[in-house]
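First up is the structure itself, then whatever we jot down about it.
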Amino acid sequence: MSREVKRRIPLGILMGITAFFLIEYFAGPEFTAIHTAKTELTRWGSIISGFTSLFGAFLLLRTHVMRVARHKSWYDTYYSIIVLFAFALFFYLGTRTPERISDPGYQYVYRNMYRAASTAIVSLCFFWCIYGGYRTFTIRSWESAAIGLGAVIYTLRLLPIGPALIPGLAPLADWCLMTFNKGATRGGTIAVGLGGLVLALRTLIGKETSAIEALKEE
Amino acid sequence: MTILASGRIWDLVLFIVLSVTMGYYLWRISTGKPLPKIRSLPAFDAIEEGVGRAVETGKMVYVDAGIGGLTSGPYVPMTMAGLNVYRYVARLCARRGARCVFGTRNTQLLPVARGIMEEAYKAEGKIEEYNPDNVKYFPLTQRTATFMVEEGTACEILVGAWTTACLIILGASARAGAIAIGGTARWIMNYAFGIAADYIFILEDIYAAGAVATGDPVITTTLAVEDVIKIITLALIAIGIVAALLGYDFGAFMAL
């Protein structure tokens with residue numbers, strides 16, 4: 001199959017499905033066949049989504065197996081072994097036991113290893129976010145100055161000591177939130193919606209190819 | 001029998017206007033007539049500077065398309081815009097000889113990202129320089145940050161759907177001394193790029209960047225279509241304000 005044909009098939013599917021979803025959006029409730037087909041296609045979307053995640057997981061496993069086989073550094077091999085071991089453990093407990101994911105073994109590993117590690121990592125993430133914000137926050141443009149000023153006013157508003165020290169702070173902060181912020185949010189939402197709409201239109205005419213990984217022939 | 005779903009008349013009108021405008025600009029392209037000038041995006045122009053810096057310093061260009069996938073959900077358009085920018089960056093890096101690394105925490109993007117990078121090197125005639133290991137899976141943003149500091153980063157480009165975690169990467173980029181370029185269409189996260197990135201794509205700028213990155217005149221023309229609709233939307237808002245002041249229920253009229 002030539003490269004151009006390989007490119008055209010997914011592009012054709014993408015365009016066709018976009019056009020169908022558009023028709024379904026505007027079709028009245030009497031067109032039950034169209035609505036049923038849309039529901040079915042959405043279900044297929046979930047199946048394909050699951051498949052692509054599985055495909056990605058397969059690529060990931062292959063990368064780690066190769067890394068262990070190459071054994072370039074102890075650091076890489078060590079972490080790859082942990083990944084492979086954890087995958088094998090969860091896969092075995094989740095699929096090969098009679099109760100699958102309700103199996104006490106699976107639940108034990110999930111609760112005591114996976115969830116505990118996730119909670120710790122997410123908690124750490126917040127510290128890192130604050131650290132990242134602190135390190136990088138500099139007033140380098142009018143936009144960042146406006147954002148910074150808003151952040152200072154509203155943070156002081158949320159702290160009990162802020163309104164206690166500055167009496168006019170609470171109404172000012174609320175006014176900023178309800179006037180500036182709300183107006184900008186609506187403007188932003190409209191602009192983003194239009195941007196998404198135009199992207200959808202590009203998909204409809206077959207010009208949006210980012211999802212099918214093809215570059216145009218030159 | 002109702003042909004049109006209720007409450008969607010104005011949606012249809014908007015779609016027709018959009019399609020007609022698009023058709024008009026496509027006609028202009030086909031007849032060789034001049035097209036509207038697209039303003040330059042400083043953040044997009046900075047990508048070349050970032051890649052140049054990567055070539056000079058021998059450090060990498062790090063690209064990330066955020067948390068979104070490609071099959072469903074509201075983040076798909078943002079991810080698509082991010083991948084368009086990534087394709088442009090990968091090709092620029094292949095041409096100039098800089099190392100481009102794409103990191104993701106969504107396994108769905110792994111095969112697509114590898115395909116894009118491979119195609120970029122093929123298109124530049126340097127397929128022997130393509131290294132699939134430069135597409136990396138980082139389940140945790142902290143790991144991304146560590147990687148960036150350890151390996152050395154000259155420029156980072158974050159375009160896509162982002163959560164607060166982008167601050168971690170932006171913090172790491174500051175520590176690595178990298179140029180930070182990024183943006184998201186998620187309103188709530190624009191503050192992070194506003195305060196922490198050197199160059200920011202504000203909201204729908206990421207879609208514009210994705211379009212400009214393709215270098216296709218048809219795609220860049222769609223930005224002009226977007227502007228036409230914006231003008232119509234602004235006019236509708238103005239009419240709505242006047243109508244509300246005069247006591248008319250414009251909202252009910254628009255909900256037809």
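For (1) outside any helix (DSSP H, G or I); (2) modelled with pLDDT of 75 or more; (3) facing chain B (nearest Cβ under 8 Å), each residue gets a yes or a no:
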{"position": "A:Ala173", "(1), (2), (3)": "no, yes, no"}
{"position": "A:Ile190", "(1), (2), (3)": "no, yes, yes"}
{"position": "A:Gly193", "(1), (2), (3)": "no, yes, no"}
{"position": "A:Ala200", "(1), (2), (3)": "no, yes, yes"}
{"position": "A:Leu215", "(1), (2), (3)": "yes, no, yes"}
**OP:** List the number of the failed condition for A:Thr18; all other conditions in (1) without any contact (Cβ under 8 Å) to a residue 24 or more places away in the chain; (2) under 29 Å from B:Leu14 (Cβ atoms) hold.
**Re:** (1)
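Conditions (1) surrounded by 13 or more Cβ atoms within 10 Å (Cβ to Cβ); (2) within 25 Å of B:Gly194 (Cβ to Cβ); (3) acidic (Asp, Glu), marked per residue:
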| site | (1), (2), (3) |
| --- | --- |
| A:Leu89 | yes, no, no |
| A:Gly105 | yes, no, no |
| A:Arg115 | no, no, no |
| A:Phe127 | no, yes, no |
| A:Ser141 | yes, yes, no |
| A:Pro160 | no, no, no |
Subject >> Filter result for B:Tyr88 (in contact (Cβ under 8 Å) with a residue 40 or more places away in the chain, under 24 Å from B:Ala176 (Cα atoms) and either of a type in the set (Ser, Thr, Tyr) or buried (at least 21 other Cβ atoms within 10 Å of the Cβ) (or both)) >> reply: yes
Original post:
Quick check: anything in the range A:103-110 away from chain B (no Cβ under 12 Å), touching an Asp or Glu at 6+ places or on another chain (Cβ under 6 Å), over 30 Å from B:Ser173 (Cα atoms) and not in a helix (DSSP H, G or I)?
Top reply: no
**OP:** Could you give me the residue pairs with C-beta distances under 8 Å whose first residue belongs to the range B:3-28 and is under 22 Å from B:Gly251 (Cα atoms) and at pLDDT 85 or above, whose second residue is β-branched (Val, Ile, Thr) and part of a helix (DSSP H, G or I) wherever it lies, and which are 6+ apart or on separate chains?
**Re:** B:Val17/B:Val228; B:Val17/B:Ile229; B:Val17/B:Ile232
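Residue-wise test of (1) buried (at least 16 other Cβ atoms within 10 Å of the Cβ); (2) facing another protein chain (nearest Cβ under 7 Å); (3) basic (Lys, Arg); (4) part of a loop (DSSP other than H, G, I, E, B).
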{"site": "A:Glu30", "(1), (2), (3), (4)": "no, yes, no, yes"}
{"site": "A:Ile47", "(1), (2), (3), (4)": "no, no, no, no"}
{"site": "A:Phe55", "(1), (2), (3), (4)": "no, yes, no, no"}
{"site": "A:Ala69", "(1), (2), (3), (4)": "no, no, no, no"}
**OP:** Working carefully through the options A:Glu143, A:Glu99, find the one that is of a type in the set (Asp, Glu) and within 14 Å of chain B (Cβ to nearest Cβ).
**Re:** A:Glu143
Original post:
So is B:Ser6 farther than 20 Å from A:Arg202 by Cβ and of a type in the set (S, T, N, Q) or not?
Top reply: yes
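This table checks each residue for (1) over 17 Å from B:Gly82 (Cβ atoms); (2) at pLDDT 80 or above.
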{"position": "B:Pro132", "(1), (2)": "yes, yes"}
{"position": "B:Val135", "(1), (2)": "no, yes"}
{"position": "B:Gly152", "(1), (2)": "yes, yes"}
{"position": "B:Ile168", "(1), (2)": "yes, yes"}
{"position": "B:Gly171", "(1), (2)": "yes, yes"}
{"position": "B:Gly183", "(1), (2)": "no, yes"}
{"position": "B:Leu203", "(1), (2)": "no, yes"}
{"position": "B:Asp216", "(1), (2)": "yes, no"}
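Just checking, which of B:Thr107, B:Thr153, B:Thr141, B:Thr164 is touching a helix residue (DSSP H, G or I) at 6+ places or on another chain (Cβ under 9 Å), surrounded by 24 or more Cβ atoms within 10 Å (Cβ to Cβ), within 28 Å of A:Phe126 (Cβ to Cβ) and facing chain A (nearest Cβ under 9 Å)? If you could, list the steps in order and put the result at the bottom.
Details: B:Thr107 fails: surrounded by 24 or more Cβ atoms within 10 Å (Cβ to Cβ); B:Thr153 fails: facing chain A (nearest Cβ under 9 Å); B:Thr164 fails: surrounded by 24 or more Cβ atoms within 10 Å (Cβ to Cβ).
None of the others qualify; the one that does is B:Thr141.
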**OP:** Quickly run through the range B:69-96 and pick out the residues that are more than 13 Å from B:Ile116 (Cα to Cα), more than 9 Å from chain A (Cβ to nearest Cβ) and assigned to a helix (DSSP H, G or I).
**Re:** B:Arg95, B:Arg96
Subject >> Set A:Tyr134, A:Tyr154: member being modelled with pLDDT under 85, among the aromatic types (Phe, Trp, Tyr), in a helix (DSSP H, G or I) and surrounded by 14 or more Cβ atoms within 10 Å (Cβ to Cβ) >> reply: A:Tyr154
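Hey, among A:Leu89, A:Leu93, A:Leu84, A:Leu60, which residue is more than 30 Å from B:Thr2 (Cα to Cα) and touching a strand residue (DSSP E or B) at 6+ places or on another chain (Cβ under 7 Å)? Break it down stepwise before answering.
Values: A:Leu89 fails: touching a strand residue (DSSP E or B) at 6+ places or on another chain (Cβ under 7 Å); A:Leu93 fails: touching a strand residue (DSSP E or B) at 6+ places or on another chain (Cβ under 7 Å); A:Leu84 fails: touching a strand residue (DSSP E or B) at 6+ places or on another chain (Cβ under 7 Å).
Answer to the selection: A:Leu60.
Yes or no: B:Ala185 of a type in the set (Gly, Ala, Ser) and out of contact with any Asp or Glu (no Cβ under 9 Å at 6 or more places or on another chain)?
On the way: of a type in the set (Gly, Ala, Ser): yes; out of contact with any Asp or Glu (no Cβ under 9 Å at 6 or more places or on another chain): no.
Spelling it out, it is not the case that B:Ala185 is of a type in the set (Gly, Ala, Ser) and out of contact with any Asp or Glu (no Cβ under 9 Å at 6 or more places or on another chain).
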Original post:
Given the conditions (1) more than 17 Å from the chain's Cα centre (by Cα); (2) at pLDDT below 90, which single one is not true for B:Ala43?
Top reply: (1)
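The values are calculated or read from the model by the stated rules, or taken from the named source; none is laboratory data. Values in this document were obtained by computation on a predicted structure and should not be read as measured data. Neighbour counts are summed over all protein chains in view; Cβ atoms, including those assigned to glycine, are modelled from backbone coordinates with ideal geometry.
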